[in-house]
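What follows draws every value from the coordinates through simple rules; no lab data is involved. These numbers come from a predicted model, not from an experiment. Here the Cβ positions follow ideal geometry from the backbone for every residue, glycine too, while neighbour counts run over all protein chains shown.
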Amino acid sequence: MNKPVLGLIAGGVLGVFDGLTALVSAPEVAPQIAGIVAGSMGKGLVAGALIGWFARRVNNLSAGIVFGLVMGALFALPFALMPDPTTGQKYFWEILIPGSLVGLIVGYLTQRYGQVAAAKR
Amino acid sequence: MRELTDAAVARLRDAVDRPDTGDRYTVHELLGRGGMGAVYRATDRTLGRDVALKVLTPELEQGDLAGVPGARRLEREARVLASLEHPGIVAVHDAGTLADGRPFYVMRLVRGHRLDEQVRQEARGQRLRRFLAVCDAVSFAHSKGVIHRDLKPSNVMIGEFGEVLVLDWGVAKRAAETDAGALAGAPASDGDTGDGVAIGTPGFMPPEQSLGASAVDVRADVFALGAILRELVGADKAPPALRAVITKATAIEMQDRYPSVDALAADVRAWLDGAAVSAYAESPMERAIRFYRRNSALVLLLVAYLAVRLFILWWRGV
């Protein structure tokens with residue numbers, strides 16, 4: 001599987017999982033879970049595609065991991081800063097840390113398992 | 001009268017056997033003597049380089065092996081080698097006849113160590129990579145319709161640049177088919193190589209070859225390669241999957257072996273890569289352990305992610 005597609009799929013799947021964990025960590029958000037999962041998947045897809053694109057251009061495991069971590073943090077940041085609309089409570093670290101870790105994992109996955117595109121003739 | 005010592009006899013014999021190559025080659029010391037002839041280090045005066053010169057020994061010139069005159073066999077060996085242009089097979093530079101009528105051929109002088117000597121200090125992975133290089137050369141020969149029939153550690157050299165070279169194609173046999181896929185099951189057909197007579201080395205020779213069966217095919221080399229693999233990794237010390245590869249390659253019945261050298265090499269390569277091996281049915285636990293070893297960083301990252309999630313739950317008092 002090429003790196004951008006792998007990044008897209010991994011980002012999407014991990015994004016869905018990350019969103020669903022809100023049901024356990026903050027059960028009070030259950031009524032908004034569909035929106036949370038959709039948002040988490042959306043940011044996972046975009047971040048995954050970007051990380052995959054980076055992995056295709058830069059074939060370096062360390063750089064891929066750092067880029068994934070930064071992308072994960074950047075995409076999680078707006079959601080981390082956003083207060084819960086009903087309770088007004090913020091979940092800054094609860095969103096930022098796992099989001100960054102998901103980015104790191106996608107960065108590792110794309111560098112380690114993504115196939116390098118064949119050279120153009 | 002004083003008796004001749006063994007050493008003196010050996011020196012006399014060496015002097016008598018020493019080939020007279022005329023102007024082009026200067027013959028130096030004897031490098032080795034085998035069933036097919038003697039190999040000397042020589043200098044090619046025209047090109048100014050050292051070469052290995054293989055010549056039929058006088059006793060072989062008189063006799064024959066498996067009903068085939070020695071001279072014809074050596075000429076045939078040179079032709080077989082010349083037809084196999086591969087980095088893992090030593091190249092023939094010249095061939096001809098000595099002043100005394102004995103045939104000879106000249107090949108690249110390989111400086112290095114025998115496979116079994118070289119790998120003693122090496123890690124198992126490096127040994128297996130060298131083994132794969134041997135498989136690559138033998139597979140190429142099979143694709144050209146040639147079966148080696150005398151593969152063993154002493155017939156493989158590791159050159160000074162780390163290159164792996166398969167030597168001594170003296171008892172090689174041309175199979176009926178040149179297509180590699182058709183070789184398995186197609187009996188070897190070249191009458192020059194003595195059907196019905198056992199040729200090879202005990203321990204590395206499959207049962208059908210030691211019985212002199214005419215239906216020797218590429219699986220004879222698969223057997224020998226399996227025996228080499230056993231020597232390289234030690235059957236007792238090898239992990240179960242690798243042991244299964246050795247067992248399958250050296251099966252008594254030829255139909256139970258790998259059908260080709262490529263299939264054997266694919267399993268060894270898979271084992272090296274941490275992938276599943278076709279010769280071994282692993283348990284779910286073994287599969288899980290293999291998956292973990294192959295993807296340990298990914299598994300640890302996912303575990304770290306879950307641990308962070310659990311920590312957050314604990315922190316929030318959920």
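May I ask you to derive the relative contact order of segment B:6-108, considering only C-alpha pairs under 8 Å and at least 6 residues apart, and to give it as an integer percent? Don't jump to the answer; show the numbers that get you there.
Details: 163 pairs, mean separation 23.0, N = 103.
Relative contact order here is 22 percent.
What is the spin-label model distance, in nm, from B:Glu282 to B:Ser296 if the labels are put 7 Å beyond Cα along the C-beta direction?
1.4
Which whole number gives the average count of other chain Cβ atoms within 10 Å of the Cβ atoms across peptide B:304-317? Numbers along the way, then the final one.
Details: counts 3, 10, 3, 1, 6, 9, 2, 1, 10, 5, 0, 3, 4, 0.
Other-chain Cβ atoms within 10 Å of each residue's Cβ, averaged: 4.
Give me the angle, in degrees from 0 to 90, between the Cα long axis of helix B:240-249 and the longest principal axis of the Cα atoms of chain B, rounded to the nearest 10.
40
Can you return the lysines within cross-link range of A:Lys3? Criterion is Cα-Cα under 27 Å, with same-chain partners fewer than 8 residues away left out.
A:Lys43, A:Lys120
Quick check on the exposure proxy: order B:Trp314, A:Trp93 from fewest to most C-beta atoms within 10 angstrom.
Numbers: B:Trp314 9, A:Trp93 12.
Fewest to most other Cβ atoms nearby, the residues stand as B:Trp314, A:Trp93.
Where does chain B land at 222 nm, in deg cm²/dmol rounded to the nearest 500, when only DSSP H runs of n ≥ 4 count, each adding -39500 (n - 2.57), divided by all residues? Don't skip to the end; give the middle numbers.
Details: 12 runs with 133 residues, N = 318.
Helices in chain B give a 222 nm mean residue ellipticity of -12500 deg cm²/dmol.
Determine, for each peptide in B:113-122, A:17-26, B:36-45, the mean count of other beta carbons within 10 angstrom over its residues, then list the peptides with the highest first.
Numbers: B:113-122: 15.3, A:17-26: 18.1, B:36-45: 20.1.
Descending packing order for the listed peptides: B:36-45, A:17-26, B:113-122.
Only Cα pairs under 8 Å and at least 6 apart count here; give the relative contact order of chain B as a rounded whole percent.
Working: 526 pairs, mean separation 36.8, N = 318.
Once normalised by length, the contact order is 12 percent.
Post the alpha-carbon centroid distance, segment B:18-54 to segment B:236-301, in whole angstrom.
44
Ordered by residue, what ³J(HN,Hα) values in Hz, to whole numbers, does segment A:96-102 give under the Karplus form 6.51 cos²θ - 1.76 cosθ + 1.60, where θ = phi - 60° and Gly and Pro are x?
3J(HN,Hα) across segment A:96-102, in whole Hz: 5, 5, x, x, 5, 5, 4.
Through the Karplus equation 6.51 cos²θ - 1.76 cosθ + 1.60, θ set to phi - 60°, convert the phi angles of segment A:38-45 into ³J(HN,Hα) values in whole Hz; use x for Gly and Pro.
5, x, 5, 5, x, 5, x, 5
Could you give the nm distance between label points at B:Trp315 and A:Asp84, where each point is 7 Å from its Cα heading toward the beta carbon?
1.6
Which length gain, in nm to one decimal place, applies between B:Ala10 and B:Ser154 when the Cα-Cα distance is subtracted from 0.36 nm times their residue separation?
In short, 49.5 nm is gained.
Using a 10 Å cut-off around each Cβ, can you sort B:Leu264, B:Leu109 from fewest to most neighbouring Cβ atoms?
Working: B:Leu264 30, B:Leu109 19.
Listed from fewest to most nearby Cβ atoms, that is B:Leu109, B:Leu264.
For B:Lys54, list the aspartates and glutamates whose Cα falls under 15 Å from its own Cα; do not include residues on the same chain fewer than 8 positions away.
Within the straight-line limit of under 15 Å, B:Lys54 reaches these aspartates and glutamates: B:Asp14, B:Asp17, B:Asp20, B:Glu29, B:Asp44, B:Glu75, B:Glu77, B:Asp94, B:Asp100, B:Asp168.
If r is the Cβ-Cβ distance from A:Ile33 to B:Glu163 and R0 is 60 Å, what FRET efficiency results, to the nearest 0.05? Before the final figure, lay out the partial values.
Working: r = 62 Å, r/R0 = 1.04.
Efficiency computed from Cβ-Cβ geometry: 0.45.
Order of B:83-91, A:37-45, A:60-68, A:3-11 by packing, highest average Cβ count within 10 Å first? Intermediate results must be reported in sequence, preceding the final value.
Values: B:83-91: 17.0, A:37-45: 20.3, A:60-68: 18.8, A:3-11: 24.0.
Averaged packing, sorted descending, gives the order A:3-11, A:37-45, A:60-68, B:83-91.
On a 0 to 90 degree scale, rounded to 10, what angle separates helix B:284-294 from the longest Cα axis of chain B?
80
Check the straight Cα-Cα distances from B:Lys144 and name the lysines below 22 Å, setting aside those fewer than 8 residues away within the same chain.
B:Lys152, B:Lys173
What nm value, rounded to one decimal, do you get for the distance between B:Glu122 and B:Thr26 when each label is placed 7 Å out toward the C-beta?
Going from the B:Glu122 label point to the B:Thr26 one covers 3.5 nm.
List the residues of segment B:296-318 whose backbone N lies under 11 Å from a point placed 7 Å from the Cα of A:Leu20 along the Cα-to-Cβ direction.
Nothing falls inside the zone, counting backbone N under 11 Å.
How would segment B:6-108 be classified by its alpha-carbon gyration tensor: rounded, prolate or oblate, with rounded meaning a/c under 1.5 and the a/b versus b/c comparison settling the rest? Provide the component values of the computation, followed by the final result.
Details: a/c = 1.70, a/b = 1.13, b/c = 1.51.
Oblate, because a/c is 1.5 or more while a/b does not exceed b/c.
Given all pairs of different Cα atoms, what value in angstroms does the Kirkwood hydrodynamic radius of segment B:236-297 take?
12.3
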